Amino acid sequence: MRKIFKKVAAIAGVLALTISMHTMAFAADDIVLDGDGGASSLIGEYKASGSEYKYLGFATTKEATSDYKYLQITYKGDISCLRIEFNREDDSNEGPYWFNPDGQTLVFQTVDGSEIPLTPSKETTITLDLAAIGIDIGEFRGMHLHYLDPNMQEGSFTITDARFKTSDPNASGNSGSTKTKKSNSGSGDDGASTSASKSTAGSGANGSSAGTAGTAGGATDAPQTGSSSYPIFIALGGIAVAAVAFIGSRKIKE
């Protein structure tokens, strides 16, 4: 019986440590891109068909400053023709930046340089290094979402969590690398007018603006505030279980 209690204590300790390390990916100062009162959210479900181009809407960057150098996204589905254009207060734009690098000049980069999964069937989390592509998010008020192209006229994807971060959760050490920003200001995507942001900024990527293809989606079960105390409570719970098991084993021994 004493051996069983020791095994339980060991398992509880490992489980608590594993869960706490996983949840630490969400920091207290993360900016969750769930929009303003439900509008202009990057988190959501998106679907489009029957066209060579679809404007999915506008997502606010909220209160993000230049300190936020990373964009972490959890998603599933087909993002092979998704691109994001960053919109400034004066309505000028930077981009669009593609997730699919094939034939493109402006593309997103992950913090570890790995390829971005373009069609995952299960939820996948990537961390994009905005500084590496010359994007200072503090200069922008939002993001335009563009979808489909002549080679792909139907597709869908779901973003279950999206957040700006001040530090690389993977601690890859690549956050210091920067490249010269390639400006594409003033030019829209696939002929779309760059003035569209002012008319759609209030409706959001999943709102009611013309051309919007998304519907509101929920966030993941992770704490929306990114509270750093959450994993601490989990760890303490694991320690408590281990302590109970240890006391029980001592009593049995006696």
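The values are calculated or read from the model by the stated rules, or taken from the named source; none is laboratory data. None of these values were measured; they are calculated from a predicted model. Here Cβ is always computed from backbone atoms with ideal geometry, including for glycine, and neighbour counts include all displayed protein chains. What goes into the accessible areas is simple: the full protein's heavy atoms, side chains included, and nothing from ligands, DNA or RNA. Shrake-Rupley method; radii C 1.70, N 1.55, O 1.52, S 1.80 Å.
Taking other residues whose beta carbon is less than 9 angstrom from the beta carbon of Tyr75, and scoring Lys, Arg as +1 and Asp, Glu as -1, yields -1.
For the set Arg141, Arg83, the ranking by accessible area, highest first and with no ligand, DNA or RNA atoms included, is Arg141, Arg83 under a 1.4 Å probe. Sequence-ordered 3J(HN,Hα) estimates for segment 85-97 from the Karplus curve with 6.51, -1.76 and 1.60 and θ = phi - 60° stand at 10, 8, 10, 8, 4, 7, 6, 7, 10, 10, x, x, 9 Hz, glycine and proline given as x. Phi angles across segment 58-66 convert, under the Karplus curve 6.51 cos²θ - 1.76 cosθ + 1.60 with θ = phi - 60°, into 3J(HN,Hα) values of 10, 10, 6, 8, 6, 9, 4, 10, 5 Hz, Gly and Pro given as x. Taking amide H positions as modeled 1.01 Å from N, with prolines and chain starts lacking one, the residues under 5 Å from Leu128 and 5 or more places away or on another chain are Leu71, Gln72, Ile73.
Computed on protein heavy atoms with a 1.4 Å probe, the accessible areas place Met143, Met152 in the order Met152, Met143, largest first.
What GluC sites (Glu not before Pro) does segment 90-162 have in DSSP loop regions with at most 14 other beta carbons within 10 Å? Of the GluC sites (Glu not before Pro), the ones in loops of segment 90-162 whose Cβ has at most 14 other Cβ atoms within 10 Å are Glu115, Glu123. For Ser114, the accessible surface of its heavy atoms amounts to roughly 60 Å² (probe 1.4 Å, protein chains only, rounded to the nearest 10).
Solvent-accessible surface (1.4 Å probe) assigned to Lys76 amounts to roughly 80 Å².
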